[in-house]
Structures are given as structure tokens and as C-alpha cells.
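Here the structure is laid out as C-alpha cells; the discussion comes afterwards.
The values are calculated or read from the model by the stated rules, or taken from the named source; none is laboratory data. In this text, all values refer to a predicted model and were calculated from it rather than measured experimentally. A quick note on method: Cβ atoms are made from the backbone with ideal geometry, for glycine too, and the neighbour counts reach across all protein chains shown. Please note that ligands, DNA and RNA were not included when accessible areas were found on the heavy atoms of the full protein model with its side chains. Shrake-Rupley method; radii C 1.70, N 1.55, O 1.52, S 1.80 Å.
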Amino acid sequence: MVPLKRRKVSLSGTLNAGTHSSGLTEPTKFPHIVLFLLERKMGASRRAFLSQLGRRKGFQVQELFSENVTHVICENNSGEEVRMWLESQRRRQAKLHLLDVSWYTESMRDGFPVEILDRHKLQDLVVNDLEVIPFSLPSYACQRRTTLENHNTLLTDALSLLAENAELSNEDGRGVAFRRAAAVLKALPSAVTDLSQLTGLPCLGEHSLRVIKDILKNGASSEVQSTKESERFKALKVFTGIFGVGSKTADRWIREGIHNLQQLRDSGHTLNRAQQAGLEHYDDINQPVSMAEADAIRETVGGAVASVLPGAQIVLTGGFRRGKLTGHDVDFLITHPEEGCEVGLMPKLVSWLDSRGLILYQKTTRNSYLESKDGPGRPPANIDRFERCLAIFKLEVQSEKHVKSQSGELCQHLQTEAVAERRWRAVRVDLVVSPVSQFAFALLGWTGSKLFERELRRWAGHERSMSLSSHALYDNKQGRYIRAFSEEEIFAHLGLEYIPPSERNA
Ligand code: UTP
Ligand code: MN
């Protein structure tokens, strides 16, 4: 536990060094007050404008952050974000006011520093002895417990965006590298404040470290900013937001000069059935699905399953099983305790739902997995061969924008005006049917997260000479399949500590 040396002056958090000696500057009227305006979220031009204004009114507004600063002025930043930035400046917080821009504008209006009221304060000032404690973690995500509580969202959002951009550009290797780096930061017990804490952590490559360093120093990464704002990235996001459109199709359209949905509609491209449905329900499908909506669909599908095959069981998988409060779709796994009884279930289930007008689109693929024929070879990218129905459901919603929650209070409902008016919304649903002998593997494979699954398979192959899929576990050394009837058993066979779904959010 080595206390950090204090730095006298930091260049970070600033921009092109402006000058204090502008002709407009009046002599300092308030010598005990030294202001610093944080550029993050305020933006460079607004910061320059407000700084000029302050100096004209006789305030000392410093261009660079230093030990002399007494008041930090922020706009649209949370206390946590500013605290993180401040820690990256290695500045103790004692005697430093962290204030909202409202204090500044009111002081400008009155021509003197107004009294600091609670509503001006960004956070309570804590004297915080900064210490650098290095983190340590095992290298595979499936050896770690990753809850939904993430202390490093600023960093993980940035790395995830770069991962997404790489995946959309068909650079899967780079995508995985960024995903692994983000997963490491998600598993940390507290916020990273200094690069030196990361020494010795796995999966942090040169590129990811550069991005992290940028954010710790400047509050943002220019690479992430420019990626996010690039026309190509924006268009890829819009097009892959259409159900049935992958990155290759999106890329082809962009190369043809099509950049938005209207241009796509006008282009006269023939879309397949999935894409037509995807385009038709575009807004709904890109609206997150809530837990309450997932529960409602579970009720419906559960009822349908019970009536077409008594005794069959259904489980909610995917992100909702991991405790996520929203998702991009709803995933279900269905089985029957008697092997073989599940055969023929999917068509009956789909026609039950369809005949009641609950399905807007569906495509069912038949089960094509045969252990004797397929062998243990690891299917690429975990593509499994269960009987599967990719569907768009029509979910009835309450017309009120505000519905009463169970505790009786009014709560905001995730609902657009259009949905409220027509009283239904489209939701992406995945139905998967598994024979009971493969159920534990299917459940593990469909619970995710995607990176957690990838890491489980990598662990199995590299560390245990085993092949894991959503159908089976095969021991390559012994040349035999290992049966399992619960997720706990699979972890045990892999020589891993059991990680419950809520801690698989890698
Ligand atoms: P999802 O893509 O639905 O992700 O896949 P998610 O974690 O539920 O997140 P959101 O909230 O919907 O965005 C769920 C799991 O199903 C597996 C994935 O690996 C993931 O772990 N899966 C998905 C497959 O095994 N095969 C597929 O074809 C699709
Ligand atoms: Mn899902």
C-alpha cells in the first residue's frame, strides 16, 4: 500500500492551452477562488465560452488543472464520474469544491461567487487518501464471478463499443480481444483509478490498455469517440438492427451507398421474409424487452407447452436467467423428462401460438444433431443443432403509459407512444427444444453470456482436453462422452468451481 506522490500540475483534462492574458481579462477580483472547468461532457467550445465570461467578470479561471484549483465546475457529469477523473489527476479531494455549472452561471449573473448550496454540490467532499492496490484475477472468465454490478462502466462501455465495431467489421479476433479485456474490468471489485493497478491482470492487450489509459487521463478515448461518430459504424448499427441482417449484408449495402432505412426502402432491394419482418417491426425490436414482458411471454408459452405436451418443462434462459432486467430478446429452453417425448413438440407449439395470432413471424429449424454421426468435433462458434424456432411474437401490452406496480405505486412503463396506442408490441423470441439427456448442456450453453460460453469452451479444450458444446461434453483423452444432468455436474467435470447464472455476466 504505497501512497501516491502528488503531482504538482497535470496537463490532462484540458485542451489547446488558451491564454489568461486576453485583452478582455479584468484584474482578479476574488484571489482566493481558482476555478477549473471540466471539458468532459461540457465540450470544448462551451468551456472556452464560459471561461472567457468568467475572466471578464474578474474570476480566475485556469486552463490547466493544478493544486491551486479550489473549485471544479462540471456539466452533466455524475459525482462518480468526476471522482474518477479526479483520482486520475492524483489530486486529493480535501478543500476542493466539485460544483455543478449552475453555481457558475449564477455567480456570473450576480457578478460574485454565490453561496454554495446543497443543490450546487456534485458530491460530498471526502478526504481520500489515494492508494494504488493492484488487482488480481484468474485468466478465464469462467473461473471468475461476474455479477451485474460493474464498477468500471466508463471503461467497459468503451471497450465493448470497440469490440462491437470489430465484430461488425468481421474482425472477430479483435472483437474477442476487446470483449475479454472488458470482461476483466467487469470482474474487478472496485473502480480502476490508476493504470498501475492493472499490472499483472490477464487479457489486457496493448490496444485495450491504450484506450484505458486515455480514459483515465482524459475522461474519454478519442478512438472510441471517432468510432462512435463514424458514418460507417452508425450505418452498420442501423442495418444489423434489422432482424435477419448480418454484418456482411449491412456492409454490402453501405458499399452501394445506402446509409439509412429510408434509402434501403427506396433502393428496391429484395429482402427475405425475415428481413421484411425485421424492417416492419424495426422500432419495437430495437426497444429493450423488460423482465415483466419476458414473464408475460413465459406465461403464454408455458401455457401453450402444457396444453400441447403435458409434463413438458420450460425454462427462461439467456440474459434474463442471469438476472438482467432487460434484454434484446427472450430465450426459452423446453424439454420433457421422458427422452423422446419432446419429438414433434415444436410444430405443435408453434401452431398453437400461431392459431391464436401470437406470432408475427417464425422460422423453425429441425434438430440435426446426431451424436453417432456428428461426433465430438467442436461446432464453430457454438452453433448448435437443436430444434429451434426464431420468432417475432405479438405481445399485448396495457394501454396505460403508467401502470401500477405490485407495491401499488405508479411506475414508468417502457413503452413508446405507438405501442401504447396499438396496445401490442413485437418481441423477438427464441424457442429451443432439447432432449432431456442433453438438457444440462443446453441450459448451460443458452444461459450465456456469450463470452462466458466461449471461455468455458476454451477452458475445456486448452486446459482439460475436452470438447464442450450445448449438446455434450467429450473427453478427448479417454475418447468418451461424459454425461451430466445438471450444470453443477458439468462444472465439476471441467474441474471448475460452480458459478451460478447471476455470476456469469462476463
Ligand atoms: P442472446 O444473444 O439472446 O444473449 O444469447 P443474451 O445474453 O440473452 O443477451 P440479450 O439480453 O438477449 O441481448 C443467449 C445465449 O444463447 C446462446 C448464446 O451463446 C448466449 O449465451 N446462443 C445464442 C446459442 O447458443 N446459439 C445461438 O444460435 C444463439
Ligand atoms: Mn437473449
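Given a cut-off of under 8 Å on Cα pairs at least six residues apart, what relative contact order in percent is computed for segment 306-372?
Dividing the mean separation by the residue count of segment 306-372 yields 28 percent.
Might you work out the accessible area of V34 for me, using a 1.4 Å probe with all protein chains in place, and round it to the nearest 10 Å²?
10 Å²
Mind putting a number on the dipole of segment 201-353 about its Cα centre? Charges go on the C-beta only, +1 for Lys and Arg and -1 for Asp and Glu, and I need it in Debye to the nearest 20.
It comes to approximately 540 debye.
So how tilted is helix 153-168 from the main axis of the chain? Cα-based, degrees 0 to 90, rounded to 10.
The angle comes out at about 50 degrees.
Quick one: with all protein chains in place, what share of the accessible area of the chain is carbon or sulfur, to the nearest percent (1.4 Å probe)?
Answer for the chain is 51 percent, counting heavy atoms of protein chains only.
Between rounded, prolate and oblate, where does segment 290-383 land on the alpha carbon gyration tensor, with a ≥ b ≥ c its root eigenvalues, rounded for a/c under 1.5, else prolate if a/b exceeds b/c?
Verdict is oblate for segment 290-383.
Let me have the 222 nm mean residue ellipticity of the chain computed from DSSP H runs of 4+ only, each contributing -39500 (n - 2.57), with the sum over all residues rounded to the nearest 500.
Taken over the chain, the calculation gives -11500 deg cm²/dmol.
In whole Å, what are the extents of segment 212-328 along the principal axes defined by its C-alpha atoms, from largest to smallest?
That gives 55, 47, 20 Å along the principal axes, largest extent first.
Around L309, under 15 Å between beta carbons, what's the net of Lys plus Arg minus Asp minus Glu among the other residues?
-3
So if we plug the beta-carbon distance of W424 and K234 into 1/(1 + (r/R0)^6) with R0 = 30 Å, what FRET efficiency do we get, rounded to 0.05?
So the FRET efficiency works out to roughly 0.55.
What are the ³J(HN,Hα) couplings of segment 284-297, residue after residue, when phi is run through the Karplus curve with 6.51, -1.76, 1.60 and θ = phi - 60°? Round to Hz, x for glycine and proline.
4, 5, 8, 8, x, 8, 8, 4, 4, 5, 4, 5, 4, 5
Let's test the formula: R0 of 56 Å, r as the Cβ-Cβ distance of H32 and E417. What FRET efficiency results, to the nearest 0.05?
Rounded to the nearest 0.05, the efficiency is 0.60.
Run the dipole for the chain about the Cα centre, Lys and Arg Cβ at +1, Asp and Glu Cβ at -1, nothing else charged, and hand back the magnitude in debye, nearest 20.
That gives the chain a dipole magnitude of about 1140 debye.
Size of the chain along its principal axes in angstrom, Cα-based, largest extent first?
Extents along the principal axes: 87, 56, 53 Å.
Just by accessible area at a 1.4 angstrom probe, what is the order of L360, L443 from largest to smallest?
In descending accessible area the options line up as L360, L443.
Any idea what diffusion coefficient segment 410-506 gets from Stokes-Einstein, in µm²/s, Kirkwood Rh on alpha carbon pairs, 10 °C, 1.306 mPa s?
Reported coefficient: 102 µm²/s.
Mind scanning K29/K213; K248/K373; K57/K228; K324/K477; K95/K217; K41/K234 and naming the pairs with a C-alpha gap bigger than 26 Å?
The pairs that break the limit, which is 26 Å between Cα atoms, are K29/K213; K248/K373; K57/K228; K324/K477.
Tally Lys and Arg at +1 and Asp and Glu at -1 over the other residues with C-beta under 14 Å from the C-beta of L431: what net charge comes out?
Every neighbour counted, the sum reads -1.
Toward the positive end of the charge dipole of the chain, about the Cα centre and with charges on Cβ (Lys, Arg +1; Asp, Glu -1), which of N367, C74, W424 goes farthest?
Among N367, C74, W424, the one farthest towards the positive end of the dipole of the chain is C74.
For segment 52-100 and segment 28-45, what is the centre-to-centre distance using only Cα atoms, to the nearest Å?
Answer, in whole Å: 7.
Farthest toward the dipole's positive end in the chain, which of G111, F439, Y140, given Cβ charges of +1 (Lys, Arg) and -1 (Asp, Glu) about the Cα centre?
G111
When ligands, DNA and RNA are left out and all protein chains stay put, how many square angstrom of accessible area per residue does segment 153-192 have with a 1.4 Å probe?
Accessible surface, normalised per residue, equals 35 Å².
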